[in-house]
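First the structure, in the form of C-alpha cells, and then the observations on it.
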Amino acid sequence: MNIDYEIKLNKDNDWNMKKHHFHENYEILLSLTNSGSIFLENNVYNIKRGTLILIKNTSLHRTMVDKKILYKRYIVHFPQSTLSEISSEKTDLLSKFCGDDICIQLTEDQLSSIILIINKIMNKDLEKFGSDILKDIAFIELLIKISNYFDYNTNKNSTNNFKFNKIHPIIKYIEKNIEGDLSLDTISNNFYISKYHLCRIFKESTGFTLREYIISTRVLKSCAFLRKGCNVQTAGELSGFNNNSHFIRTFSNLKGISPGQYMKKYK
C-alpha cells in the first residue's frame, strides 16, 4: 500500500490567504477554532470550530480570518488518483468526492471522532512493524467517515451576508461572460454601481479584488479546456485571454508551470 496524501495541523494568528488559491489536489479543511469565513465557488461559509469543508481540485477559494484569533485547522490534501486507488465497486469514494464542494458543521462528538482518526495517521512512530499500513488504513477510514458525515449531516454551514448577496449576481455575470469584455467599466455600467463601490464590496465579500477573481476564473477555465485536449492558444481564447503571450505568462505565474506543460500532463 502506497497511498498519496498529506495531513497537516496549521496554527497561526497572522495567517491570511494572499494568493489566488486553487490546486490540483482535493482539500479537506477541518477548523478547530472560530476564525472567520471562506469564499468557495461562489459561496461564503462561516469558519467555526467543527466546520468541515471539502474543496474540489478545480475550486477557487480564499479564506478570510480574524487576525486577532489563533487559527487552528487540519488540512488534508490528496490527488484524484488516490480516490480511484482506494475505491471499490461497492464503495466508490471517487464519485462521492467529485460532486459539489461541501461545507457542514460537525457536532463535538463528530469532531472528536475525526480528530481521533487523524491522530492515528499523524502518529510519528514510523519504526513499528506495520505502522505504514496502519496509517494508510486510518486514512481510508477517515475518508469513509467524512463521506458519511457529508451524506447525513443536514447542518449545512453558510452565511447570509448582505454584501455578498449583492455581489453574487456579479459573480454569475462574470461566469456567463468569461470570454467577453469584463472591464471594470463594463461591469459597473451593467449593474449601475460605481467602480469604487463595486471594487470595495467585492474585495470585502470574497477576499479577492475584482481583477484577481476574473483572472483566476479565466485560468481555471483554461485548465478545463487544456485537460480536454485544446491547444494552448484556443484554451486561452475560450477563457477570455485575447493575447496568447499574456495568457501563457499569467497561467505560468498562477499554476507554476506553462499551459503547454499542463496540457501534456493530461495527454
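The values are calculated or read from the model by the stated rules, or taken from the named source; none is laboratory data. Keep in mind the model is a prediction, meaning the values are calculated, not measured. Here the Cβ positions follow ideal geometry from the backbone for every residue, glycine too, while neighbour counts run over all protein chains shown.
Can you run down the residue pairs with Cβ atoms below 8 Å, 6 or more apart or on separate chains, where the first is in region 57-70 and farther than 22 Å from residue 26 by Cβ and the partner is of a type in the set (D, E, K, R) and assigned to a strand (DSSP E or B)?
70/11; 70/12
Within the set of pairs 6+ apart or on separate chains, which have a first residue in region 104-123 that is under 14 Å from residue 141 (Cβ atoms), a second that is at pLDDT below 95 and of a type in the set (D, E, K, R), and C-beta atoms under 6 Å apart?
Between residues of region 104-123 that are under 14 Å from residue 141 (Cβ atoms) and residues that are at pLDDT below 95 and of a type in the set (D, E, K, R), the close pairs are 121/135.
Go over the candidates 238, 220 one by one and state the one that is in contact with a Cys (Cβ under 9 Å, 6 or more places away or on another chain) and of a type outside the set (Lys, Arg). I'd like the intermediate steps shown before the answer.
Details: 220 fails: in contact with a Cys (Cβ under 9 Å, 6 or more places away or on another chain).
Every option except 238 fails the conditions.
Restricting to region 67-98, name every residue that is within 29 Å of residue 218 (Cα to Cα) and part of a loop (DSSP other than H, G, I, E, B).
79, 98
Condition first: of a type in the set (A, V, I, L, M, F, W, C) and part of a loop (DSSP other than H, G, I, E, B). Can you find one or more residues in region 158-173 that meet it?
So the first thing to find is which residues in region 158-173 are of a type in the set (A, V, I, L, M, F, W, C), and the list is 162, 164, 167, 170-171.
Those left that are additionally part of a loop (DSSP other than H, G, I, E, B): none.
So far as region 158-173 goes, no, none of its residues is of a type in the set (A, V, I, L, M, F, W, C) and part of a loop (DSSP other than H, G, I, E, B).
Could you please tell me which pairs satisfy a Cβ distance under 8 Å, a separation of 6+ or placement on different chains, a first residue in region 124-141 that is closer than 15 Å to residue 2 by Cα, and a second residue that is surrounded by 10 or more Cβ atoms within 10 Å (Cβ to Cβ) and of a type in the set (Phe, Trp, Tyr)?
Correct list of pairs: 139/5.
Within region 61-81, take every residue that is surrounded by fewer than 21 Cβ atoms within 10 Å (Cβ to Cβ) and touching an Asp or Glu at 6+ places or on another chain (Cβ under 8 Å) and give me the one that is nearest to residue 6 (Cα to Cα).
Looking at residues that are surrounded by fewer than 21 Cβ atoms within 10 Å (Cβ to Cβ) and touching an Asp or Glu at 6+ places or on another chain (Cβ under 8 Å), I get 77.
Checking the condition of a type in the set (Ser, Thr, Tyr) and part of a loop (DSSP other than H, G, I, E, B), which residue from 63, 58 passes? Give the derivation first.
Values: 63 fails: part of a loop (DSSP other than H, G, I, E, B).
Of 63, 58, the one residue that is of a type in the set (Ser, Thr, Tyr) and part of a loop (DSSP other than H, G, I, E, B) is 58.
Take the conditions within 20 Å of the chain's Cα centre (by Cα), at pLDDT 95 or above and not assigned by TED's automatic domain parsing to the domain that holds residue 47 and apply them to residue 187. Does it pass?
Numbers: within 20 Å of the chain's Cα centre (by Cα): no; at pLDDT 95 or above: yes; not assigned by TED's automatic domain parsing to the domain that holds residue 47: yes.
Spelling it out, it is not the case that residue 187 is within 20 Å of the chain's Cα centre (by Cα), at pLDDT 95 or above and not assigned by TED's automatic domain parsing to the domain that holds residue 47.
Here are 52, 83: which of them is more than 27 Å from residue 227 (Cβ to Cβ), touching a helix residue (DSSP H, G or I) at 6+ places or on another chain (Cβ under 8 Å) and modelled with pLDDT of 90 or more? Steps first, please.
Values: 83 fails: more than 27 Å from residue 227 (Cβ to Cβ).
Exactly one residue qualifies, and that residue is 52.
Kindly indicate which of 234, 209, 250 is closer than 15 Å to residue 182 by Cα and not charged (D, E, K, R). Give the derivation first.
Working: 234 fails: closer than 15 Å to residue 182 by Cα; 250 fails: closer than 15 Å to residue 182 by Cα.
Testing whether each residue is closer than 15 Å to residue 182 by Cα and not charged (D, E, K, R) leaves just 209.
Looking only at region 135-155, decide whether some residue is more than 20 Å from the chain's Cα centre (by Cα) and among the small types (Gly, Ala, Ser).
Scanning region 135-155, I find at least one residue that is more than 20 Å from the chain's Cα centre (by Cα) and among the small types (Gly, Ala, Ser), so the answer is yes.
Among (1) assigned to a helix (DSSP H, G or I); (2) free of Cβ contacts under 8 Å to residues at least 40 places away in the same chain; (3) in contact with a Lys or Arg (Cβ under 9 Å, 6 or more places away or on another chain), where does residue 34 come up short?
(1)
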